[in-house]
Structures are given as structure tokens and as C-alpha cells.
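Peer 1: Here it is: the structure, laid out below.
The values are calculated or read from the model by the stated rules, or taken from the named source; none is laboratory data. Everything quoted here is computed from the prediction, not taken from an experiment. FYI the Cβ positions are ideal-geometry reconstructions off the backbone, even for glycines, and counts take in every protein chain you see. Areas reflect the complete protein model, heavy atoms only, side chains present, ligands, DNA and RNA absent. Shrake-Rupley method; radii C 1.70, N 1.55, O 1.52, S 1.80 Å.
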Amino acid sequence: MTDLDALARRLRESLGSGQVITDRQELRTYECDGLAHYRVVPAIVALPHTAEQVATVVRACADAKVPFVARGSGTGLSGGALPHADGVLIVTAQMRRILDVVPEDERAVVEPGVINLQVTRAASPHGYYYAPDPSSQQICSIGGNVAENSGGAHCLKYGFTTNHVTGLQFVAPDGELVRVGGRAEDPPGYDLLGAFVGSEGTLGIATEVTVRLTRLPESVRTLLAAFHGVDAAGAATSAIIAAGVVPAAVEMMDALAIEAAEAAVACGYPPGAGAVLIVELDGPAAEVEAQFEEVTALCEESGAFEIRIAADDAERALFWKGRKSAFAAVGRISPDYIVQDGVIPRTALPSVLRKIDEVAAENGVRVANVFHAGDGNLHPLVLFDDGVPGEAERAETTSGAIIDLCIEYGGSITGEHGVGADKAKYMPRMFGDDDLDTMQLLRCAFDPDGLANPGKIFPTPRLCGERPGRHRAAEDEDRFPGVEVF
Amino acid sequence: MGALDELTRPAADGDHVGGVPARLVASPGSTAEAAALIAAARELTVVIRGAGTKVHWGPPPRALDLIIDTRRLAGIVEHAAGDLITVVRAGTPLADLSLGDQQLVLDGPAGATVGGTVAANTSGPLRLRYGTVRDLLIGITVVRPDGKVARSGGKVVKNVAGYDLGKLFTGSYGTLGLITECAFRLHPVAAARVYVRAAAPASVVAAVLSAQVVPSAIELDSATGEVAVLLEGTPAGVRDRASVVEKLIGGELSEQAPAWWGVPPWHPDGIGMKLSVPKSRVPALAESGFPVRGSAGTGVLYAAPRDITEVERLRALCVRNAGHAVVLTAPPPVRDILDMWGPVPGLALMRRIKDQFDPGRRFAPGRFVGGI
Ligand SMILES: Cc1cc2nc3c(=O)[nH]c(=O)nc-3n(C[C@H](O)[C@H](O)[C@H](O)COP(=O)(O)OP(=O)(O)OC[C@H]3O[C@@H](n4cnc5c(N)ncnc54)[C@H](O)[C@@H]3O)c2cc1C
């Protein structure tokens, strides 16, 4: 019997056989997350029902020195939940209870497998909602959100997951259940919670999350402004921010993204638009009214040729439909595409977009741009046809060049999708050896044996307790044994 | 030790921390100078000092050779107004930041430097709307206890590349290394602001929170029985919301904050405590008979207990109400027999973090939770 067989048996004994999968065919269901071109079949899948069961699985892994990877809904776009071929994939899909909704404390307590939108559904009868709203909110889990520090269109005003989590129970990589924070703010000691959020499953597994609930706004107003090009739309964004307005969201799409959205969902954006801006304001009615007029005027001054104002919720939903479906929509105009996620200072938007155009032209591929314009978070969609020899490589080159542009302009290699398996190789371009080494001191404190989601975030693991070496981007095959890259 | 002689000077009379005198003082003027200093000081125990407003908070250090004074690490490195961010050196007094029609919303106790505010994680009334250091800090540069310089985060608000070391250094009380530079998210200064001040019970706080008035701060001072609400925004919007709040809590509109607004309730030589409870439990603290003051809208209040018995009773009260309580400052006789930090969940992991960053336990030894 191999070590893994023994581990599987131990897990079956403590969890029950229905909660442990070792059948090759069934395991295949879990071979990838939303980044489907990286695939690894895990050795074992465990489906715990409680925090104690998660702790049991992790302790068994720690005893056997077997790596483990957490998985929520598997919608991640950076391969964060890519399994380990000789490891256990711990899936939180059976942990979907909303444990408490406490509007008087503006908090909810949920299990990690709970779907993002369900928190808002549970809170809204009380006049509250859960603010972080990734476009995947109908399917992604709170545990995944915590691990990725996920954001969404409305994070411009309301912040990211990290600003909305006040308490956490997690299983540390040695199997210990740890509780930090709760319904009260500012727990004493190091901010373990702050360190854990965004750590992509490398510091342990979240088993219970206390989140902030935000009062539903009294008024929401949304406009759709059409411009001849992205420069004018970018100028309008800058003008709005410069005027001291903090909109709930400012989203932009360029001509190619609009074309795709029209083809997919017939959102009916103004014909002939080279770029559209969706601007949403929310808050107290009087405040929103005053600022909405200002924003409308600023869009006009910046060259908007048509401005539509949503008359009701149905029309607002239609404005958003085009934007929210944009990723999938490009499938209508291109057989294959890469979703990129990078950040630039908002003010650099026009020049970076021009450079993206140049890079795309040089490589003979098209790039559709969809982005959170308010906070400079770009989602370029690099379109290609895998059937055309060499095109996939040229798309990959373009996508990488866009990341280099983000770094060159003082931005980041990822704004919300995370580093995961996909971007570990870019980390040394954004951070120096000592920076990465220092981050890994934290990892060594939590996980000296490197069992929690190994190979993610950091291109080269630090040997805990030893002197740092140089960080080089290792080949994927070295970091992910058994990986198939499609 | 040649390098060390050039980089330090002998300590003077005032150069002590909680009564423990230092031997040497150094005032590096850049991250590079600080790194050279710390690399040369690898055998020494170190406490970092900004403006000194909170340097005596917490237990005294177990040992102290060198005080690193951050005040020459001063000035704004960058203010990108269009991007609503700034990068500042850690020794810069918060009061010196002039950012035009933008602001760094950190309104903790007066006189503090940027680095001291981050390291002690202090906050003020505006935390209700804008959050605290952890919500505003987007990038950090630190010098590790071994002299290595490390950066995390960056200059853009939205960024999930790598671990967020800024969170770890926030509230770390100088135990993990020296903070030399911080990047922050800024907010526009509101066009209009007004306070609604009333003599009212703590129970009105819940009504203000659930009304549609988006308060920037809800402060309470149980000694005077006053509640004050700050509203910010457009002139028309503020007028509108102020009248709603007036109806809810009574009282009157004022351009001026009450005298106690954002002022710690303790005497400089007395005991100062920070209490934190879920929002709905604020009335339980306010009506406990102990005078409390602070951010009623977030459940973070401050108290000035007179003796250890009162400290223990306040702490027990917070724990009973699903919260916690920390003694920030206390005179030596009290401090020396008191567990200032109280029970700390996650302590074992915290010790392991300290061991990784500062294996020699030289930075602010003994000053933090669990004797870290
Ligand atoms: C169409 C589409 C749109 C998207 N839009 C957005 C967007 O707007 N904003 C955004 O930020 N993201 C977006 N994403 C990315 C993705 O939805 C988020 O990263 C999400 O948070 C992942 O949640 P999940 O439950 O699917 O996590 P998974 O993909 O299962 O896992 C993600 C990471 O979290 C770890 N993990 C999962 N559960 C836990 C746990 N309990 N404890 C510790 N670690 C855990 C995994 O190991 C992995 O590293 C989008 C994805 C898709 C497919």
C-alpha cells in the first residue's frame, strides 16, 4: 500500500467513504479551475462537512507530509485551485450554511462554501448586503473570495474582500483550528486575518468567515455614456475622479468588447460607440442627485455623444448585462481567448491602451478591452484561433507584454484574479528577491513544510530556516508535477 | 562596530522607553541609511521612535541598546492626485501632510508620525466611514531586523500580487522591523461637513446606523452623556441628512466638534484602555457606569479606569459582550503587575511570525502580545 492509499484509508475512516474520492474518473471533475488550460488530476478529493473534518484532513496530510489544496467553487482564473498530483484536494462545497445574520452588528457568519450572492440574499430582507461583488458572484464561494481577496465593479467605492472580513476561523497547515477576530473590530496582536485574506490558500483553509454587512443604499443611479474612443472615455473618468466624486463603479468597454457583447446578449449600446462608460452612483438620495448631474455634465464635456440614464432597475440591469457578460461574450467573435488581469495607475490609461494596441498589432492578434476604469484594473481579452499555427503563442506573448506594461507603469500583475499557478513566473518582475523572501517568512511561520497549496504565488519556495537564494521562474513542470498544459 | 559609531550618537536623558534608558540613538535619513544602520546593529536591542506620542505605550522593553528615531525619514515622496494616492516617509508628522483638496483619513491622537500611526494602528472618529490604517495602506517599505529592505503592495489601490505585508506591520508595535515608507489611498475632502450634537443615550446609535444618512463618524462620550454625528458630502446632501439625524437624536447642528471629539479620555500619567465590542453592545458599555468615549458607530471605545480592579471589570465586560480590551498605557506600578494585552487568540502563530522576522528577539523585545 502506498502512502497515499494509507492516507485515503485514514480519511475514509474519519470522514466516511462518501466524502472521499479516489476513483480516477470522478477525480477528473476536479482537474482544473476557471483557468482550464492547466490540468492536474489530484490523488484524493476530500469533501468535509465541518471545520473539524477539515482539520482532520489537514492533520492527516501534515502527518503524512502530503500536500493539500483548497477548492471552493473552482471559478478562480489563475489556477489557484489547480490540484497537486500527489496531494489531497479539499473541497468546501459541502460547507454551505449561513450560520448567522446579525444586522444589528452589521455582520454575517458563514461557512466557506457559501456562494457570494447568497450572503446578500440572506441580508437584504434586513436592508443590508455584502458589498464585494465579483462578476462570478452567482457561483464563487466566500472561502475562494477570502483566499483571492476578490473584488468587483463596486469595489471602487466599497473596497475589496479584505475590507469586509472581520473574523475568521481557519485550519492552519499543521491541522490546528485558529480563530481570529469576530464581530468586534481591531483584535489584538498581529493582523493574522489581514495576512490570511489574499494568501490564495497557502496559509491554511478558511472554515468560517465573519463578514461585514453594508446598508443597502437609499438611491442608485446609473448612466451609460457613449464616446468615439477610449481616450475620451478615459478623460471622462479622470474628470469625475478629479471633481472629488467617488462613484460606486466606473466601468469601460472598448469597440471590440462592445461588438462581442452585442453579439452575445444584444445589450443595445449606442451604435457607433468606440467606447462606453457605465457610471453608477449610490448613497443618500440628495447626495446622489447632486453628483449625478455633475457626472453627466463631465461626460458631455469630455465628448460623450450619447448619454442614457437608467429609468428603472430593468434598464440598469440591461446596461450591466453587456459588461457582466463581456468575458464569455468574446467567445462569439473569437474561437479562443486569454483573460488578462493587470492594474495601472488610472491616469496612465490612455497611454497604456495605445501601447496595448501596438503590441497586439505587432503580434497579429486582437485585444478586446474591458475594465474597471475607476481603479485602473484592466481585463484585456486577447483573442486568437488555436487552429491557426503559432497564434496561441503570439496571444501568449501579447498577454505577457501587457503584464510588463502594467509593471512598467507602476501597477500590478494582478488586481483581483490572483497570482496562482499562472503568474508566479511574473512575481520576480514586480518584486525583488528580498521582497519575495520576506513574504515567504510569513509562509514559513504558517507552513514550514510547504504543504498548503505548494507552487502557487511564489516561483521558488523558500526553504524555511535557510538563507534565501535567488528567485528564478521555474518551469511549470518543475512546480506542478504531472501538469498538462493545453 | 566602527560603522555603528558613525551612524549613532550617545543617548541623552530623554532617550528612554517606559523608563528603560537607551545607550545609543540614531536618526537615519533614508531607507538605505536605515538598512545600513540596522545591518550594523545586528547585536543590539532596538526600539523605534517617531514623534514619541505613544513610545511609552505597552510594557517596557526587556532590554534596550538603540533607539531609532524616524523623524529624519520625512516628507512626501509622491502625491499622484489623479490616482488618489500618496507615498510618504514614515517619520512624516501626519499634521504636515498637505495634499490640497485630498486627504489621508487617519485622525488618531494628535502629534503622531505616519509610521507611528501604522505601527500602533491608532484610529479616530472617521474610522466609521473610511476604515483604519489597514484599509488605507496600499504599499509598504520596511527594513527587516537583519537589515534587508523589503517592499510589498504597491502604488495602486487594487492589487492582489503577493502577501500583504502592510497588514502584518500594521499594529506590530515595532516588533517586526522598521517601517520606512508607506503608500496610502486618499479621499477627496468633502465640500461640506456638519456635526449634529445631542445629549442622548447610546441606544440612538443604532437608529443613526440604520437610517440612510451615511455618517462619517458617530462618537459618544458617556461622561457628558453626549452623542455627536459627523456628516460630510455635498452642501445640499449634508443639509438633508443633518435634519434626519436631528430628528433621530435631538440636539443641534454645529460647525464645531465637541471638545472631547477624538481626544483620549485618560490623563497622560493615568491608565488608558481601548475597548472593542460588536456594535449592538455599545449601550452595554456606555451604561456600565464606567465613563467611555469613542467610535460608537464601530464599537471601538476608550476608557480611563482608575485602578487594576476597574481594568479587570472593564475587560470582563467586553469579553462578556463578545469583544476584547487592551490596556494601551499605564503608569509603571500598574503596568508592571498587569497583563496589558489580555487574552490573544492566535498567539502561537504570532510567536512563529516573530521568530521568522526577528529570530534574535531584538526589536521591541517584550513589548507586544504574549511577551513577543
Ligand atoms: C466569469 C468569471 C468572472 C469573474 N469575475 C471576477 C471578478 O469580477 N472579480 C474577482 O475578483 N474575481 C473574479 N473571478 C475569479 C473568481 O471567481 C474569484 O477568484 C473567486 O473568488 C474564486 O472563488 P471560488 O470559490 O471559485 O474559488 P476557487 O477557484 O475554488 O479557489 C480559488 C483559490 O482559493 C483557494 N481557496 C478556496 N477555498 C478556500 C478556503 N476555504 N480557504 C482557503 N483557501 C481557499 C484555492 O486554493 C484557490 O487558491 C471571475 C471568474 C469567472 C469565471
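Peer 1: Provide a single number: the residues in the range B:328-338 that are under 21 Å from the mean Cα position of the chain (by Cα) and surrounded by 15 or more Cβ atoms within 10 Å (Cβ to Cβ).
Peer 2: Of the residues in that region, 4 qualify.
Peer 1: Of all residues in the range A:420-438, which are out of contact with any Lys or Arg (no Cβ under 7 Å at 6 or more places or on another chain) and within 16 Å of the ligand (Cβ to nearest atom)?
Peer 2: Within the range A:420-438, A:422, A:423, A:427 qualify.
Peer 1: State all residues of the range B:48-92 that are open to solvent by 30 Å² or more (accessible area, probe 1.4 Å) and under 30 Å from residue A:411 (Cβ atoms); if no residue qualifies, say none.
Peer 2: B:74, B:76, B:77, B:78, B:79, B:81, B:82, B:89
Peer 1: Of the residues A:55, A:36, only one is surrounded by fewer than 18 Cβ atoms within 10 Å (Cβ to Cβ), within 13 Å of the ligand (Cβ to nearest atom), on the phi < 0 side of the Ramachandran plot and not in a strand (DSSP E or B); which?
Peer 2: A:36
Peer 1: Also, I was wondering about something else. Condition first: touching a Pro at 6+ places or on another chain (Cβ under 7 Å) and away from chain A (no Cβ under 14 Å). Now tell me which residues in the range B:292-313 satisfy that.
Peer 2: Residues satisfying the conditions are B:293, B:303, B:304, B:311.
Peer 1: Still on this structure, I have one more. Kindly indicate whether any position in the range B:133-140 is open to solvent by less than 10 Å² (accessible area, probe 1.4 Å), more than 10 Å from every other protein chain (Cβ to nearest Cβ) and within 26 Å of residue B:371 (Cα to Cα).
Peer 2: Yes: one or more hits.
Peer 1: Hey, another quick one. Have a look at B:293, B:306, B:352 and point out the one that is assigned to a strand (DSSP E or B) and either open to solvent by 20 Å² or more (accessible area, probe 1.4 Å) or of a type in the set (Val, Ile, Thr) (or both).
Peer 2: Sole residue among the options that is assigned to a strand (DSSP E or B) and either open to solvent by 20 Å² or more (accessible area, probe 1.4 Å) or of a type in the set (Val, Ile, Thr) (or both): B:293.
Peer 1: Next up: Run down A:249, A:286, A:314 and say which single residue is free of Cβ contacts under 8 Å to residues at least 40 places away in the same chain and either of a type in the set (S, T, N, Q) or in contact with a Gly (Cβ under 8 Å, 6 or more places away or on another chain) (or both). Steps first, please.
Peer 2: On the way: A:249 fails: free of Cβ contacts under 8 Å to residues at least 40 places away in the same chain; A:314 fails: either of a type in the set (S, T, N, Q) or in contact with a Gly (Cβ under 8 Å, 6 or more places away or on another chain) (or both).
Every option except A:286 fails the conditions.
Peer 1: Could I ask something else about it? For residue A:390, state whether it is open to solvent by 10 Å² or more (accessible area, probe 1.4 Å), within 14 Å of chain B (Cβ to nearest Cβ) and without any contact (Cβ under 8 Å) to a residue 24 or more places away in the chain.
Peer 2: No, not satisfied.
Peer 1: Filter the range A:412-432 down to the residues that are open to solvent by less than 10 Å² (accessible area, probe 1.4 Å) and facing another protein chain (nearest Cβ under 7 Å) and list them by number.
Peer 2: A:412, A:413, A:414, A:415, A:418, A:419, A:427, A:431
Peer 1: Same structure, new question: Which of (1) touching a Lys or Arg at 6+ places or on another chain (Cβ under 9 Å); (2) away from the ligand (no atom under 14 Å from the Cβ); (3) open to solvent by less than 20 Å² (accessible area, probe 1.4 Å); (4) not polar (S, T, N, Q) does residue A:236 not meet, given it meets every other one?
Peer 2: (1)
Peer 1: Name the single residue that is farthest from residue B:313 (Cα to Cα) among those in the range B:252-291 being more than 14 Å from every other protein chain (Cβ to nearest Cβ) and aliphatic (A, V, I, L, M).
Peer 2: B:253
Peer 1: Here is a further query. Is it the case that the range A:59-67 has a residue that's surrounded by 19 or more Cβ atoms within 10 Å (Cβ to Cβ), within 11 Å of the ligand (Cβ to nearest atom) and away from every other protein chain (no Cβ under 14 Å)?
Peer 2: no
Peer 1: I'd like the full set of residues that are within 27 Å of residue A:200 (Cα to Cα), part of a helix (DSSP H, G or I) and of a type in the set (Asp, Glu), limited to the range A:3-33.
Peer 2: Once the filter is applied, which keeps residues that are within 27 Å of residue A:200 (Cα to Cα), part of a helix (DSSP H, G or I) and of a type in the set (Asp, Glu), the range A:3-33 yields A:3, A:26.
Residue by residue, here is whether (1) more than 11 Å from chain A (Cβ to nearest Cβ); (2) over 20 Å from residue B:219 (Cβ atoms); (3) among the aliphatic types (A, V, I, L, M); (4) within 16 Å of the ligand (Cβ to nearest atom) holds:
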site: B:84; (1), (2), (3), (4): no, yes, yes, no
site: B:90; (1), (2), (3), (4): yes, yes, yes, no
site: B:93; (1), (2), (3), (4): yes, yes, no, no
site: B:96; (1), (2), (3), (4): yes, yes, no, no
site: B:105; (1), (2), (3), (4): yes, no, yes, no
site: B:144; (1), (2), (3), (4): no, yes, no, no
site: B:153; (1), (2), (3), (4): no, yes, no, no
site: B:165; (1), (2), (3), (4): no, yes, yes, no
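Peer 1: Could you check, for the range A:437-448, whether at least one of its residues is modelled with pLDDT under 95 and either open to solvent by less than 10 Å² (accessible area, probe 1.4 Å) or touching a helix residue (DSSP H, G or I) at 6+ places or on another chain (Cβ under 6 Å) (or both)? Please lay out each step first, then the result.
Peer 2: The initial filter retains those residues of the range A:437-448 that are modelled with pLDDT under 95, namely none.
Checked the range A:437-448: no residue is modelled with pLDDT under 95 and either open to solvent by less than 10 Å² (accessible area, probe 1.4 Å) or touching a helix residue (DSSP H, G or I) at 6+ places or on another chain (Cβ under 6 Å) (or both).
Peer 1: Now, a different point. Residue pairs, Cβ under 8 Å, 6 or more apart or interchain, first in the range A:395-418 and assigned to a loop (DSSP other than H, G, I, E, B), second within 16 Å of the ligand (Cβ to nearest atom) and of a type in the set (Ser, Thr, Tyr). List them.
Peer 2: Final answer for the pair search is A:414/A:78; A:416/A:150; A:417/A:78; A:418/A:78.
Peer 1: What number goes with the only condition from (1) part of a loop (DSSP other than H, G, I, E, B); (2) of a type outside the set (Gly, Ala, Ser); (3) within 11 Å of chain A (Cβ to nearest Cβ) that residue B:361 does not pass?
Peer 2: Condition not satisfied by residue B:361: (3).
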